[in-house]
1. Scan the range 85-108 for residues that are at pLDDT 90 or above and of a type in the set (D, E, K, R) and jot them down.
2. Can you pull out every residue in the range 175-203 that is out of contact with any strand residue (DSSP E or B) (no Cβ under 6 Å at 6 or more places or on another chain) and either among the polar types (S, T, N, Q) or not in a loop (DSSP other than H, G, I, E, B) (or both)?
3. Of the residues that sit in the range 163-177 and are open to solvent by 40 Å² or more (accessible area, probe 1.4 Å) and among the hydrophobic types (A, V, I, L, M, F, W, C), which one is modelled with the lowest pLDDT?
4. Output the number of residues of the range 75-84 satisfying the condition of being at pLDDT below 90, open to solvent by less than 60 Å² (accessible area, probe 1.4 Å) and not hydroxyl-bearing (Ser, Thr, Tyr).
5. Any idea which residue in the range 178-203 is most open to solvent (accessible area, probe 1.4 Å), counting only those that are in contact (Cβ under 8 Å) with a residue 60 or more places away in the chain and more than 28 Å from the chain's Cα centre (by Cα)?
6. Can you find even one residue in the range 125-133 that is at pLDDT 80 or above and either in a loop (DSSP other than H, G, I, E, B) or open to solvent by 60 Å² or more (accessible area, probe 1.4 Å) (or both)?
7. Scan the range 136-159 and give yes if some residue there is at positive phi and either touching a residue at least 24 places away in the same chain (Cβ under 8 Å) or of a type in the set (D, E, K, R) (or both), otherwise no.
8. Name every residue in the range 145-154 that is over 31 Å from the mean Cα position of the chain (by Cα) and surrounded by 16 or more Cβ atoms within 10 Å (Cβ to Cβ), in order of residue number.
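The values are calculated or read from the model by the stated rules, or taken from the named source; none is laboratory data. This structure is a prediction, so every number in the text was calculated from the model and none was measured. We place every Cβ from the backbone using ideal geometry, glycine too, and count neighbours over all the protein chains shown. To get the accessible areas, we keep the full protein, side chains included, count just its heavy atoms, and leave off ligands, DNA and RNA. Shrake-Rupley method; radii C 1.70, N 1.55, O 1.52, S 1.80 Å.
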Amino acid sequence: MKQLAFSIAGAVSVILIIMILLSLHSRDIRRVELERSIKQAGEQSLRKACITDTGEIGDNDALIADFISNFLGKMKSDGKDIDIEIRSADIYKGILSAKVTEQYIFPNGKKGKIEAEATSIVERESRRPTVCVNYYIPWEVARDAGFDYREGEKFLYCTRRMSKGYVKEVNVSVPEVQGHEFRRWDRTAGDADGNTDYMAVFA
């Protein structure tokens, strides 16, 4: 009877050890897969932005969106159990760095979490000329929003730099200021180099 108990205990211990090893192995495989997918997706998106002249990716926001789409496609995931943190994304320097956290189920049914990060760097074959798009708000709005304004002068709210010739809808958010209702962005100026100014119109 005692020998049977020892045999059962030994068998249970072996099973537990095997499950632990399988869990560790599964975690390592998933981490390697995550790192590889981050790296590949980052390089593909950077090449589109820095090397090809398709005009698909003209600013950092577009680079991030393309990377996330590429990454989730490689993971064949709907993204519900994956958290993506962009550490750096710059199409002008040719760098993209991201950290990914994934929730998953161990072979024993318990929930686990793994993290992986990778940085992709692509040397630009040819540096595309870039332009500045400036977004201004009236000084009265800047005053009521608490910005460091100068009376009578339009306030530079933000500037975005993008590849020359890249067409993008104006989607810059504006501060919510009591007494001022945002209506639209109006283009107010542009030069031969492609630099453009927009002014926010408030009611």
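1. Across the range 85-108, the qualifying residues are Glu85, Arg87, Lys99.
2. Val177, Gln178 - these are the residues of the range 175-203 that are out of contact with any strand residue (DSSP E or B) (no Cβ under 6 Å at 6 or more places or on another chain) and either among the polar types (S, T, N, Q) or not in a loop (DSSP other than H, G, I, E, B) (or both).
3. Val167
4. Summing the residues that are at pLDDT below 90, open to solvent by less than 60 Å² (accessible area, probe 1.4 Å) and not hydroxyl-bearing (Ser, Thr, Tyr) in the range 75-84 gives 3.
5. Filtering the range 178-203 for residues that are in contact (Cβ under 8 Å) with a residue 60 or more places away in the chain and more than 28 Å from the chain's Cα centre (by Cα), the one most open to solvent (accessible area, probe 1.4 Å) comes out as Asp193.
6. no
7. For the range 136-159, residues at positive phi and either touching a residue at least 24 places away in the same chain (Cβ under 8 Å) or of a type in the set (D, E, K, R) (or both): absent.
8. Of everything in the range 145-154, those that are over 31 Å from the mean Cα position of the chain (by Cα) and surrounded by 16 or more Cβ atoms within 10 Å (Cβ to Cβ) turn out to be Tyr149, Lys154.
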